[in-house]
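Structure first, commentary second.
We did not get these values from a lab; they are worked out from the coordinates using the rules stated. Just so it is clear, the structure is predicted and the values come from calculations on it, not from any experiment. All Cβ positions, glycine included, derive from the backbone under ideal geometry; neighbour counts span all protein chains shown.
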Amino acid sequence: MIGAKKGETKDVTVTFPKDYQAKDLAGKQAVFTVTVNGIYNEKKPELTDEWVTKQTNGAQTTVDAYKQNIKATLEKQNRDQAIWQQALPKIVEAADIKPEQAAIDYEYKSQLNNYKMQIYQYMQTNLENYAKQSGTTVEQLEKDMKTAAETSVKQQIVVNTIFNQEKLEITDDDYKQAFGSSKEDLIKTYGQQNIETPQVQTNLKYYKVARVVIDNANVTTKPAETSAAAGESAATTAAGETTATTAAGETTAATTAAGETQATTAAK
């Protein structure tokens with residue numbers, strides 16, 4: 001579409017990969033007729049105290065205050081992410097979950113199809129060529145994905161169990177915190193069919209449970225190591241050394257998760 005003008009219509013020819021999930025389209029050519037409805041040039045605003053005041057509704061009134069707020073927010077996000085990434089595997093391990101093979105197979109096939117689509121979308125190639133370019137094999141990629149699928153299913157069971165046992169509910173504020181906009185605004189922008197989906201609800205459940213785990217975690221942070229060879233900032237090193245021993249990992253929600261495996265995976 002490079003060089004196309006507003007109002008101009010062009011035919012774009014694409015070839016679907018041979019292993020495309022829709023068998024009737026695999027390996028075939030398709031022509032998409034595309035019309036250019038508009039061409040836009042982004043104009044970045046100047047960062048001033050006036051812009052900050054308007055953008056934050058008066059929460060910050062100077063550029064320095066705005067930058068400090070962003071820095072504090074990012075540091076908190078990094079810290080929370082470090083806690084969650086360490087806590088979730090510990091909770092899963094404590095629950096000793098044994099998912100049904102059908103649930104693992106379903107997750108594996110879903111991940112594999114998404115993986116193939118992304119490879120074709122961004123690299124215009126198939127799984128076999130991607131494996132060669134990456135110095136590995138299709139068998140190894142599939143093996144790694146099966147392991148990841150089993151881990152994902154276990155995590156989903158734990159998250160669903162904690163969500164239900166803690167009697168959590170998804171509110172409009174959760175949409176704002178997780179996605180930056182209210183549910184109503186998201187529906188206006190992306191359409192109800194793209195917002196009220198199982199995947200969005202799953203993401204919100206993960207967000208809600210993560211907040212419970214993070215808020216109840218007992219965190220110990222090792223002093224940051226100062227090493228020129230490491231090439232890391234104190235903030236990054238400290239975040240990497242954060243150790244979370246979660247109270248949630250010892251709750252009945254985690255210890256009973258294994259007992260609810262069948263019901264949870266059946267729902268999936």
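Observations, loosely collected:
- Under 22 Å from the Cα of K28 - lysines, other chains or at least 8 residues apart: K10, K18, K116
- Segment 22-95 and segment 184-213 have their alpha-carbon centroids 15 Å apart.
- Phi-based couplings in Hz for segment 80-88 (Karplus 6.51, -1.76, 1.60; Gly and Pro marked x): 4, 5, 4, 4, 5, 5, 8, 6, 4
- Derived scalar couplings between HN and Hα for segment 199-207 equal 5, 5, 5, 5, 4, 5, 5, 4, 4 Hz in order, rounded to whole Hz, by the Karplus curve 6.51 cos²θ - 1.76 cosθ + 1.60 (θ = phi - 60°), x for Gly and Pro.
- With a Förster radius of 45 Å applied to the beta-carbon distance between D185 and Q86, the computed FRET efficiency rounds to 0.85.
- Table column - 3J(HN,Hα) (Hz), segment 2-15, Karplus curve with 6.51, -1.76, 1.60, x for Gly and Pro: 4, x, 6, 10, 4, x, 7, 10, 9, 9, 10, 9, 10, 10
- Near the amide H of A217, within less than 5 Å, lie the amide hydrogens of A247, all on another chain or at least 5 residues away, with H placed in the peptide plane.
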